[in-house]
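Peer 1: Got a structure here, written out as structure tokens. Questions coming.
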Amino acid sequence: MPSSPLGVIWIENPTAPIRSGVWRYNRQLKAALAQDPRVRLQVSQADDQRLNMVQLAMRTLDGKPARSGRVPGPLRPMARLAAKAVGAVIGGLGLGSVKFFLPLHLPPPANGEVVHLTDQYLASGMTFVRRRPIVVTVHDIIPFVSESRLGMNLHEHRSHRWVYSSIVRNLRNATAIMADSEFTRQCLIESGHIPAEKITTVYCGVDHSLFQPGPIPDEFWSKLRIKPGTPIILHVSNEAPHKNFAALIRAFRAVVEAHPDTTLAKIGVAHSPTQRAAHLKLIEELRLASNTVFVDDLTDEEMVYAYRAARVLVLPSLAEGFGLPVLEAMACGTPVICSNSWSLPEVAGEAAIIVSPQDLGQLQHAIERLLSGRSEAEALRTKGLERASSFTWERTAQQTIQVYETASQPSSR
């Protein structure tokens with residue numbers, strides 16, 4: 001053990017949606033690391049830097065208030081107009097992603113100090129950073145490989161392909177990379193052409209003090225607008241195309257024929273209004289409006305109640321970098337059905353029903369088995385609790401510190 005704590009500059013992405021997997025990773029791992037005397041965290045955020053005109057334009061384009069404190073008072077109205085004009089031009093060209101390429105603002109390196117970028121998107125700012133020990137957490141590179149591995153284009157604009165290519169190129173210059181799953185690690189090696197020895201698989205954890213079996217307050221059912229005791233099929237996602245929510249809706253149509261009192265509860269803010277609108281339209285077409293509820297945001301405690309209330313969590317994703325809802329549901333004693341794609345079988349192990357995400361009949365049959373068969377549901381509950389117990393943020397912190405210590409060595413740079 002070193003005589004003094006290892007300095008770590010922890011940089012997180014402030015745009016990570018609240019209660020998303022990345023948000024929870026930042027919150028839980030940071031707290032676990034803060035308890036370990038071997039490291040000294042200096043926490044920052046990627047946008048804690050002096051704004052230039054491009055940043056002002058980007059913030060205006062994003063609909064966020066421009067921080068113009070660096071512009072002299074009398075010139076601020078002109079600066080705002082200029083920012084709007086520049087933002088409009090950049091937006092019209094589809095180059096809103098320029099903001100990702102701003103150099104990271106880092107304090108001068110101390111002896112052996114390690115920088116931890118906790119989101120792969122932050123690697124875009126490494127282009128102009130002088131060489132120093134940098135560790136990057138890669139949660140997934142789904143957009144980068146979606147066309148080759150999924151046969152679908154998940155880039156919202158052609159400029160985003162450029163963004164992700166630059167991110168992956170910069171990842172090759174990182175001192176060390178932590179991948180959330182072995183599947184993501186293999187993607188980085190095979191599609192990103194990153195040396196295998198640079199990448200360590202470090203699984204996410206579960207906050208077992210929060211996610212655990214227990215009672216459900218009566219008022220929670222009111223928030224979900226569901227009658228207490230209603231059989232709930234739970235889906236937690238941002239509704240992006242690779243989450244495959246439309247397939248679950250179609251399978252649910254058949255489930256309702258045999259179980260008309262069942263409700264499909266979708267938790268999480270939609271990735272885009274267009275995707276939400278498409279799902280609502282499909283629900284109307286299939287006459288499922290009375291059996292479906294959408295809740296965009298829940299507190300941590302309410303999220304636990306949602307898992308406890310559900311008969312089953314269904315995650316039929318075409319792609320996942322990890323799949324944290326699988327473990328959170330298991331930790332709450334909720335049976336899980338997930339797809340056989342990407343990292344999900346790796347995370348779920350033998351504690352879930354694994355199905356093909358393209359086979360609606362298989363998905364429907366799995367859901368009906370758990371709605372009808374108490375013994376199978378109870379068996380999965382027991383397996384799930386045991387499986388989830390092996391994933392802790394303390395273990396994630398221990399493995400992360402090992403990566404820090406290796407990256408801080410001169411031979412690693």
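The values are calculated or read from the model by the stated rules, or taken from the named source; none is laboratory data. It should be emphasised that the depicted structure is a prediction, and the values quoted were computed from it without experimental measurement. Note: ideal-geometry Cβ built from the backbone for every residue, glycine included; neighbour counts use all protein chains shown.
Peer 1: Would you say residue 395 is among the basic types (Lys, Arg), closer than 23 Å to residue 182 by Cβ, surrounded by fewer than 19 Cβ atoms within 10 Å (Cβ to Cβ) and touching a residue at least 60 places away in the same chain (Cβ under 8 Å)?
Peer 2: Criteria met by residue 395.
Peer 1: Name the pairs: first residue in the stretch 147-174 and β-branched (Val, Ile, Thr), second residue outside any helix (DSSP H, G or I) and at pLDDT 85 or above, Cβ to Cβ under 6 Å, at least 6 apart or on different chains?
Peer 2: Every condition considered, the pairs that remain are 168/192.
Peer 1: Another one. Against the condition in contact with a Leu (Cβ under 8 Å, 6 or more places away or on another chain), closer than 20 Å to residue 408 by Cα and not assigned by TED's automatic domain parsing to the domain that holds residue 323, how does residue 38 come out, does it pass?
Peer 2: Taking the combined requirement at face value, the residue satisfies it.
Peer 1: Across the stretch 3-17, what is the number of residues that are among the aliphatic types (A, V, I, L, M) and over 15 Å from residue 35 (Cα atoms)?
Peer 2: Total meeting the criteria: 3.
Peer 1: Determine whether residue 368 is out of contact with any strand residue (DSSP E or B) (no Cβ under 9 Å at 6 or more places or on another chain), of a type in the set (Asp, Glu) and without any contact (Cβ under 8 Å) to a residue 40 or more places away in the chain.
Peer 2: Taking the combined requirement at face value, the residue does not satisfy it.
Peer 1: Can you tell which of 22, 54 is out of contact with any strand residue (DSSP E or B) (no Cβ under 7 Å at 6 or more places or on another chain), outside the structural domain of residue 407 (by TED's automatic domain parsing), among the hydrophobic types (A, V, I, L, M, F, W, C) and at pLDDT below 95?
Peer 2: Just one listed residue meets the conditions, 54.
Quick grid of which residues meet (1) among the hydrophobic types (A, V, I, L, M, F, W, C); (2) touching a residue at least 24 places away in the same chain (Cβ under 8 Å); (3) crowded, with 16+ Cβ neighbours inside 10 Å; (4) touching a strand residue (DSSP E or B) at 6+ places or on another chain (Cβ under 7 Å):
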{"site": "181", "(1), (2), (3), (4)": "no, yes, yes, yes"}
{"site": "212", "(1), (2), (3), (4)": "no, yes, yes, no"}
{"site": "222", "(1), (2), (3), (4)": "no, no, no, no"}
{"site": "238", "(1), (2), (3), (4)": "no, yes, yes, no"}
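Peer 1: Same structure again: I'd like the residue in the stretch 270-287 that is of a type in the set (A, V, I, L, M, F, W, C) and crowded, with 17+ Cβ neighbours inside 10 Å and, out of all such residues, is nearest to residue 305 (Cα to Cα).
Peer 2: That would be 270.
Peer 1: Here's a follow-up. Right, residue 189: modelled with pLDDT of 95 or more, crowded, with 21+ Cβ neighbours inside 10 Å and farther than 30 Å from residue 370 by Cβ or not?
Peer 2: So residue 189 fails the test.
Peer 1: Is it fair to say residue 295 is over 24 Å from residue 150 (Cβ atoms), assigned by TED's automatic domain parsing to the domain that holds residue 383, surrounded by 16 or more Cβ atoms within 10 Å (Cβ to Cβ) and out of contact with any helix residue (DSSP H, G or I) (no Cβ under 7 Å at 6 or more places or on another chain)?
Peer 2: Judged against the criteria, residue 295 is a match.
Peer 1: Restricting to helices (runs of 4 or more DSSP H) lying wholly in the stretch 157-255: which have 1 or more residues that are in the same structural domain as residue 330 (by TED's automatic domain parsing)?
Peer 2: Of the helices (runs of 4 or more DSSP H) lying wholly inside the stretch 157-255, those with at least 1 residues that are in the same structural domain as residue 330 (by TED's automatic domain parsing) span 218-223.
Peer 1: Can you spot a residue in the stretch 196-203 that is more than 24 Å from the chain's Cα centre (by Cα), among the hydrophobic types (A, V, I, L, M, F, W, C) and surrounded by fewer than 22 Cβ atoms within 10 Å (Cβ to Cβ)?
Peer 2: no
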